[in-house]
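**Student:** Structure incoming, see below.
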Amino acid sequence: MEYIIGVDGGGTKTKAVAYNLEDKEIGKGRSGFGNLLLDFNKAAAHIINAIEQCAISIKADGGQGKCLAIYLGLAGIEANNNIEKIKTLLKEKFHCQILAFHDSQLAHAAILKGEDGIITISGTGSVSYGLYTG
């Protein structure tokens, strides 16, 4: 079985969810904060922990397989070369394709489905993101 994992990392918690290629949820994980600006090493450890929990829950349900890609939506990814640092770290750890974006970009895409508009995330921190293709 092949699958992908989506990760949402913010100032309080990190959630990871694995889906098979038929869009069925097959695993979950949750850990501490994933905002890379708070503390890169601790946030990275939380992100890895949440991803590993997905793999554990897949195996617990009798599943085996290969993770094709991990999609990250992370707060704090836009500074300090954090995109490249986290992608390199996770690629070495999980040996699959890693795609990383600011969490607001993924939220915008999920909510507005490519249309113009602005979204605001209000959680532990707050951010707005807009797109105008005019």
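Every number in this text was worked out from the coordinates using simple rules, so none of it is lab data. No experiment lies behind these values; they were computed from the predicted model shown. Heads up, the Cβs are rebuilt from the backbone with ideal geometry, glycines too, and the neighbour counts pull from every protein chain shown.
**Student:** Within the stretch 62-113, which residues are aromatic (Phe, Trp, Tyr) and either under 17 Å from LEU38 (Cα atoms) or within 11 Å of the chain's Cα centre (by Cα) (or both)?
**Tutor:** Correct list: TYR71, PHE101.
**Student:** Counting only residues that are of a type in the set (Ser, Thr, Tyr) and more than 20 Å from LEU21 (Cα to Cα), how many does the stretch 63-111 have?
**Tutor:** 2
**Student:** Take the residues of the stretch 2-32 that are in contact (Cβ under 8 Å) with a residue 60 or more places away in the chain and more than 20 Å from LYS91 (Cα to Cα): which is surrounded by the most Cβ atoms within 10 Å (Cβ to Cβ)?
**Tutor:** Only one residue fits best here, namely GLY10.
**Student:** Only one residue in LEU21, LEU72 is more than 27 Å from SER126 (Cα to Cα), touching a strand residue (DSSP E or B) at 6+ places or on another chain (Cβ under 7 Å) and among the hydrophobic types (A, V, I, L, M, F, W, C), so which one is that?
**Tutor:** LEU21
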